[in-house]
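Shown next, in structure tokens, is the structure this report addresses.
The values are calculated or read from the model by the stated rules, or taken from the named source; none is laboratory data. If you're wondering where the values come from, they're calculated on a predicted model, not measured in any experiment. Here Cβ is always computed from backbone atoms with ideal geometry, including for glycine, and neighbour counts include all displayed protein chains. Protein only, heavy atoms only, side chains kept; ligands, DNA and RNA dropped before computing areas. Shrake-Rupley method; radii C 1.70, N 1.55, O 1.52, S 1.80 Å.
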Amino acid sequence: MLGRMTRILVVHASVGGGHINAATAIVEALAARGETDVHRADYNDLVPAWQRGPVQAAYWWALGHLPILWRAYYRHTNRPQPTLAAHALATAGVERTIDLIAALRPELVISTFTGGGALVGAARTRLGLRVPHISVATDYLPHRHWVRAGIDHWCAPCDAGRAALIANGAPAERITITGIPIRASVRAAIATPPDLRAQFGLDDRPILVAAAGARPTPRSQRMLEALAELKTPAQVLVCFPGRVPRSGRVRFIPVGLTPRFPELLAGCDLLVGKAGGATVAEATAAGTPLVVCDPFPGQEEDNASWLVERGAARWASSPRELAPTVDAAVATRHLHAAAA
């Protein structure tokens, strides 16, 4: 398909780092093969604010206050039959998407977000264009919303992800297992792992990285308080805003939101945090075991189960269980690293 320079559009979404990271990795890979006429579009810029704002507010409210509600919605809509939610994703923002595609006239579109894939598919139909459209799934067990009319091919993260896409209506012959794209900075850090002990003045205790996203929440604070109860002496690099607790056995080093996260991931002994698709892909590529804590209902719970079943992670089911789960994971981290 890419035998010459091609005008390519990559549609991602700034609703989580995974979709953006996957898009960045794709753009880097295209540049490495000489494709320079590559354009990026954010789903959030395509959907009008009056539609986007209430939906995102409801999403974050449900995650923070009533996660059982989001879990029920996620499971209910994960079925081959069309739903009102699927229709809404394919119509909110379609006019702006039509304008973008009509103006740019891409020869290939790659989407890394369900909503972006829906909008591109709908716009392509409305314009009567046959521009090839590839959807790159960034969850290990892709939801029904990844399967849309107007998508020609899917990139699946694994065998189980391919099976999930097929179950939700994607033709088997139009799915390729590629894994989730990984950024060049992550691959560079994996190739040459940094000496975090020298960089941060650490001792011989195991090095843990705690990651909980960009939004400080009561749950992320509870994660830190739980880690202070570890029986295993450890050092924790904290990669999110929060109040660092005191502990006799655990040393906390605030790092904050940092572009050096790939280095921390590649150089640490254990990652403690959520289970977003990009995080899982990067951690397993680095051979870094993971203790999953407080995953988002739905896709992150599926990612966590996928990791645990393969021995690459442990899952703390509650803040109370976090410290003993991390203690156990540190003791067996070499086995988990090999599985990762």
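Of the residues Arg197, Arg187, ranked by 1.4 Å probe accessible area with the largest first, the sequence reads Arg187, Arg197. If you take the charge dipole of segment 199-340 about its Cα centre, with +1 on Lys and Arg Cβ and -1 on Asp and Glu Cβ, which of Pro297, Ser247, Pro259 is farthest toward its positive end? Value computed over the given set: Ser247. The alpha carbon radius of gyration of segment 183-261, expressed as a multiple of 2.2 N^0.38 Å, is 1.14. Using the Cβ-Cβ distance between Tyr73 and Trp50 with R0 set to 22 Å, the FRET efficiency from 1/(1 + (r/R0)^6) comes to roughly 0.55. Measure nothing but the geometry: give the 0 to 90° angle between the long axis through the Cα atoms of 319-331 and the longest principal axis through the Cα atoms of the chain, rounded to 10°. Helix 319-331 and the main axis of the chain meet at about 80 degrees.
Its Cα gyration tensor gives segment 225-340 an equivalent ellipsoid. The semi-axes, each the square root of 5 times an eigenvalue, are 20, 16, 14 Å from largest down.
In this structure Asp204 has an accessible area near 140 Å², from a 1.4 Å probe over the protein heavy atoms. For a test of the definition: using alpha carbon positions, the gyration tensor, and the 1.5 limit on a/c, classify segment 53-165 as rounded, prolate or oblate. It comes out oblate by the Cα gyration axes.
The percentage of C-alpha pairs in segment 291-335 whose separation is greater than 16 Å is 35%. Using only side-chain charges placed at the Cβ, +1 for Lys and Arg and -1 for Asp and Glu, the dipole size of segment 237-340 relative to its Cα centre rounds to 500 debye. On the principal axes of its alpha carbon atoms, the chain extends 66, 44, 35 Å, with the longest extent given first. When you restrict to C-alpha pairs under 8 Å that are six or more residues apart and normalise by the size of the chain, the relative contact order lands at 15 percent.
Pop the C-beta distance of Arg40 and Leu66 into the FRET formula with R0 = 25 Å and round what comes out to the nearest 0.05. Efficiency for this residue pair is about 0.15. For the residues Leu141, Leu227, a 1.4 Å probe over the protein chains yields an accessible-area ranking, largest first, of Leu141, Leu227. Roughly what angle does helix 17-32 make with the longest principal axis of the chain, taking Cα atoms, 0 to 90 degrees, to the nearest 10? Orientation of helix 17-32: about 70 degrees from the principal axis.
Measuring from label point to label point, each 7 Å out along Cα→Cβ, what is the Val244 to Ala163 span in nm? For the pair Val244/Ala163, the computed spacing is 4.4 nm. Applied to segment 57-71, the Karplus parametrisation 6.51 cos²θ - 1.76 cosθ + 1.60 on θ = phi - 60° returns per-residue 3J(HN,Hα) values of 4, 5, 4, 5, 5, 4, 5, x, 10, 9, x, 4, 5, 5, 4 Hz, with x for Gly and Pro. If you take the beta carbon distance between Arg130 and Ala32 as r and set R0 to 30 Å, what does 1/(1 + (r/R0)^6) give as a FRET efficiency, to the nearest 0.05? Efficiency computed from Cβ-Cβ geometry: 0.65. Annotation for Lys231 and Arg251: the two label points, set 7 Å from Cα along the Cα-Cβ direction, are 2.3 nm apart. A simple spin-label model places pseudo-atoms 7 Å from Cα toward Cβ; at Asp99 and Ser14 they are separated by 1.8 nm.
If you sort Ser220, Ser14 by accessible surface, 1.4 Å probe, largest first, the order is Ser14, Ser220. Listed peptides 190-196, 326-332, 18-24 appear in the order 18-24, 326-332, 190-196 once ranked by packing, highest mean of other Cβ atoms within 10 Å at the front.
For the chain, the dipole from Cβ point charges (+1 on Lys and Arg, -1 on Asp and Glu) about the Cα centre works out to 360 debye, to the nearest 20. In a reduced charge model with +1 at each Lys and Arg Cβ and -1 at each Asp and Glu Cβ, segment 214-275 shows a dipole moment near 220 debye about its Cα centre. Projecting the Cα atoms of Val109, Gly287, Pro193 onto the charge dipole of the chain, computed from C-beta unit charges around the Cα centre, puts Val109 farthest toward the positive end. In the chain, the longest principal axis of the Cα atoms and the axis of helix 277-286 are about 60 degrees apart. Arg148 exposes around 30 Å² of accessible area when a 1.4 Å probe is run over every protein chain in place. For the pair Thr176 and Ala198 in one chain, pulling the backbone fully straight at 0.36 nm per residue adds 3.7 nm over the alpha carbon distance. Between the residues Trp154, Thr176, Ala212, the greatest Cα displacement towards the positive end of the dipole of segment 154-224, with unit charges on the Cβ of Lys, Arg, Asp and Glu, is found for Ala212.
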